[in-house]
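One structure is given below, encoded as structure tokens.
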Amino acid sequence: KRVAIFISGGGSNMVSLVDSMTGDHPARPVLVLANSADAGGLEKARARGVPTAVIDHRPFKGDREAFEEALQAELVKAAPDILCLAGFMRVLTAGFVENWQGRMLNIHPSLLPKYRGLHTHARALEAGDREHGCTVHEVTPELDDGPILGQATVRVLPGDTPDALAARVLEQEHRLYPAVLRRFAEGNREMLRLTRD
Ligand code: GRF
């Protein structure tokens, strides 16, 4: 299976995914695409020999369709079987998503369906949640709403700040996403629940 990964920033989830696709793994990375040339993950992808592309969203201003046509042109070249969003911070239209539905995954830093959208760690703390975590789901036109493929949970600790909690969740993201991608590439859609190692 050929896997393309979309990033916007440091790409730590992309690195975990790329580094997991070795040996008898049924998938290989064929493209890492960023929506900004400044994305730190691009260098990490290049260091791993993964082809990269940059489609900066800013020149397109509010024209989402034109931006997505540029994304699609890169994907046609790379011809992936699976598209992984990994810290990708642009909302994609229903039109784009429908093209890839069933072959497109995203990782979200909350236990969906709780806390769709942004600032998930601060919201979990605000709510006094004792547990928090991350979710890998299939992407559908509704934001952070598709079928859940895997979740990992962390305990919220006394005195946790959003940053401390985010760091603990990110560690679990790096375990969960590769585990879910491998199963997804093998055609296994069964929900995976990861407990702390
Ligand atoms: C992190 O906040 C992570 O929780 C979310 O995207 C952000 C950046 O992740 N999934 P990455 O390091 O770029 O993968």
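The values are calculated or read from the model by the stated rules, or taken from the named source; none is laboratory data. These figures come from a predicted structure and were not determined experimentally. As a convention, Cβ positions derive from the backbone with ideal geometry for all residues, glycine included, and neighbour counts pool all protein chains shown. Side chains included, ligands, DNA and RNA excluded: accessible areas come from the protein's heavy atoms. Shrake-Rupley method; radii C 1.70, N 1.55, O 1.52, S 1.80 Å.
Per-structure values
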| read-out | value |
| --- | --- |
| Options LEU149, LEU105, LEU111; residue that is surrounded by 18 or more Cβ atoms within 10 Å (Cβ to Cβ), within 15 Å of the ligand (Cβ to nearest atom) and part of a loop (DSSP other than H, G, I, E, B) | LEU111 |
| Failed item, numbered, when VAL18 is tested on (1) under 16 Å from the mean Cα position of the chain (by Cα); (2) surrounded by fewer than 16 Cβ atoms within 10 Å (Cβ to Cβ); (3) over 30 Å from LEU157 (Cβ atoms) | (2) |
| Residue, most open to solvent (accessible area, probe 1.4 Å), within the stretch 114-146, restricted to residues that are without any contact (Cβ under 8 Å) to a residue 24 or more places away in the chain and away from the ligand (no atom under 16 Å from the Cβ) | GLU126 |
| Residues that are open to solvent by 10 Å² or more (accessible area, probe 1.4 Å) and either more than 12 Å from the ligand (Cβ to nearest atom) or outside any loop (DSSP other than H, G, I, E, B) (or both), drawn from the stretch 1-12 | LYS1, ARG2, SER12 |
| Condition met for VAL30 (away from the ligand (no atom under 16 Å from the Cβ), touching a residue at least 24 places away in the same chain (Cβ under 8 Å) and of a type in the set (Val, Ile, Thr)) | yes |
| Among (1) more than 24 Å from ARG182 (Cβ to Cβ); (2) open to solvent by 30 Å² or more (accessible area, probe 1.4 Å), the one test that ALA53 misses | (2) |
| Count of the stretch 116-150 residues which are touching a helix residue (DSSP H, G or I) at 6+ places or on another chain (Cβ under 7 Å) and closer than 26 Å to ARG182 by Cα | 9 |
| Hits in the stretch 156-191 (condition: more than 20 Å from ASP81 (Cβ to Cβ), in contact (Cβ under 8 Å) with a residue 40 or more places away in the chain and outside any helix (DSSP H, G or I)) | MET191 |
| Count of the stretch 151-181 residues which are among the charged types (D, E, K, R) and either under 14 Å from ILE107 (Cβ atoms) or at pLDDT below 95 (or both) | 3 |
